Every structure is written in C-alpha cells, then in structure tokens.
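Asker: Would you mind keeping the following structure in view while I ask a few things?
Please treat every number below as a calculation from the coordinates, not as lab data. A quick note: this is a predicted structure, and the numbers were derived from the prediction, not measured. Cβ sites come from the backbone with ideal geometry, for glycine too, and all protein chains shown count toward neighbours.
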Amino acid sequence: MRILITGMSGTGKSTALLSLARLGYRVVDTDDPGWHEDREGERLWSEDRMDALLATGDDRTLFVQGCVRNQSKFYPRFDAVVLLSAPAAVILDRVATRTTNNYGKSAAERAIILDDLAHVEPRLRATCTHELDASRPLPEVVAALIAIATGPGRAAQTLP
C-alpha cells in the first residue's frame, strides 16, 4: 500500500508520519531536503525523485506526507490520499506552539495558512479518498491511518 497524507500546515502530517515511523512503517516526509524543486518561484515535488520512490518494488506499506500543487499528478500511483483537516483555531494554535517547524510563526504566514484553508483545502477534500479529523488525539489519527492502509481484507503489516 502507498498512502499519501496531505493537508494544510499545522494539521499534524509530520507528527503522524513520525509516529508511523516509530511503529516500523516506511515513511517519506517530502518536507525534508531533496524532495522539492523550485519552478518559477513555486515549490513543487521533484517529479523524478517521486517517480523513483513510487516505482520501487518494496512491498511494505509506504506513507508519504506532503502538500504541493503537483501532487495530484501522482494520485493514481497511491492507494489512498488522506486529507488531515482541523479547525482553523486548532491549526493556528499548533503552528504557534510547535518547536519542530518555524512556519506559521509570523502574521503573514498565518494569513497564508488561513487563505489555504479557504482555497486549497476544499480542492484537496474534493480529490482525496479519505478525510480524517486531525484535531483528535494523535494515537487515534495514527490508528485511522493504519486502518486505511490495512483496509478490509488486508492483513496487518508485520513490523520489525
């Protein structure tokens, strides 16, 4: 299974991915260096690198997190596209208090997040296969992601 976890900044994508990695799942955080290229001032996935990742024959479940404009090009190669969503107040509180990422600390960045909630998130909602309420406790979100990956009729992945 290949699962894309997407959503606005502050919904907990990276935090969920870290929890999945601790459980032994194969994960890729596309916010890490090397996964993006800048084209005409816009940050997009490196299509060659994403193609290579999704072409691997590894049969272990893969969770990828990210939110960029060209991600939809890869949707057919994912078994599920999961939107993490949360109310604006939850997101703004998270970005204000998180210590792992400085994005969202400035008023300008918070305004961008709110604009993305209004204009980008509805497009993600219209194209995702699943939506999870990311304001729930992290263990519940992670359990829901694992349930999507194992799905009806699929055996749970054996972890190291």
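Asker: Find all pairs meeting these conditions: Cβ atoms under 8 angstrom apart; at least six residues apart or on different chains; first residue within the range 27-44 and in contact (Cβ under 8 Å) with a residue 12 or more places away in the chain; second residue among the basic types (Lys, Arg) and loosely packed, with under 14 Cβ neighbours inside 10 Å.
Answerer: The qualifying pairs are 36/43; 42/69; 44/69.
Asker: Across the range 121-137, what is the number of residues that are under 14 Å from the mean Cα position of the chain (by Cα) and within 20 Å of residue 25 (Cα to Cα)?
Answerer: Within the range 121-137, residues that are under 14 Å from the mean Cα position of the chain (by Cα) and within 20 Å of residue 25 (Cα to Cα) number 3.
Asker: I'd like the full set of residues that are within 23 Å of residue 94 (Cα to Cα) and in contact with a helix residue (DSSP H, G or I) (Cβ under 9 Å, 6 or more places away or on another chain), limited to the range 18-34. Even if it seems obvious, please write down each step before you answer.
Answerer: We begin by selecting, within the range 18-34, every residue within 23 Å of residue 94 (Cα to Cα); these are 18-22, 27-33.
Answer for the range 18-34, where residues must be within 23 Å of residue 94 (Cα to Cα) and in contact with a helix residue (DSSP H, G or I) (Cβ under 9 Å, 6 or more places away or on another chain): 19, 20, 27, 28, 29, 30, 31.
Asker: Another question, then. Only one of 84, 44, 53 is closer than 19 Å to residue 20 by Cβ and either within 15 Å of the chain's Cα centre (by Cα) or of a type in the set (S, T, N, Q) (or both). Can you tell me which? Outline the logic, then answer.
Answerer: On the way: 44 fails: closer than 19 Å to residue 20 by Cβ; 53 fails: either within 15 Å of the chain's Cα centre (by Cα) or of a type in the set (S, T, N, Q) (or both).
Going through 84, 44, 53 in turn, the sole match is 84.
Asker: Residue by residue through the range 87-111, note down the ones that are among the hydrophobic types (A, V, I, L, M, F, W, C) and under 18 Å from the mean Cα position of the chain (by Cα).
Answerer: Of all residues in the range 87-111, those among the hydrophobic types (A, V, I, L, M, F, W, C) come to 88-92, 95-96, 107-108, 111.
88, 90, 91, 92, 95, listed by residue number.
Asker: Then there is this: For residue 114, state whether it is touching a residue at least 40 places away in the same chain (Cβ under 8 Å), in contact with a helix residue (DSSP H, G or I) (Cβ under 9 Å, 6 or more places away or on another chain), surrounded by 13 or more Cβ atoms within 10 Å (Cβ to Cβ) and of a type in the set (A, V, I, L, M).
Answerer: Values: touching a residue at least 40 places away in the same chain (Cβ under 8 Å): no; in contact with a helix residue (DSSP H, G or I) (Cβ under 9 Å, 6 or more places away or on another chain): yes; surrounded by 13 or more Cβ atoms within 10 Å (Cβ to Cβ): yes; of a type in the set (A, V, I, L, M): yes.
Criteria not met by residue 114.
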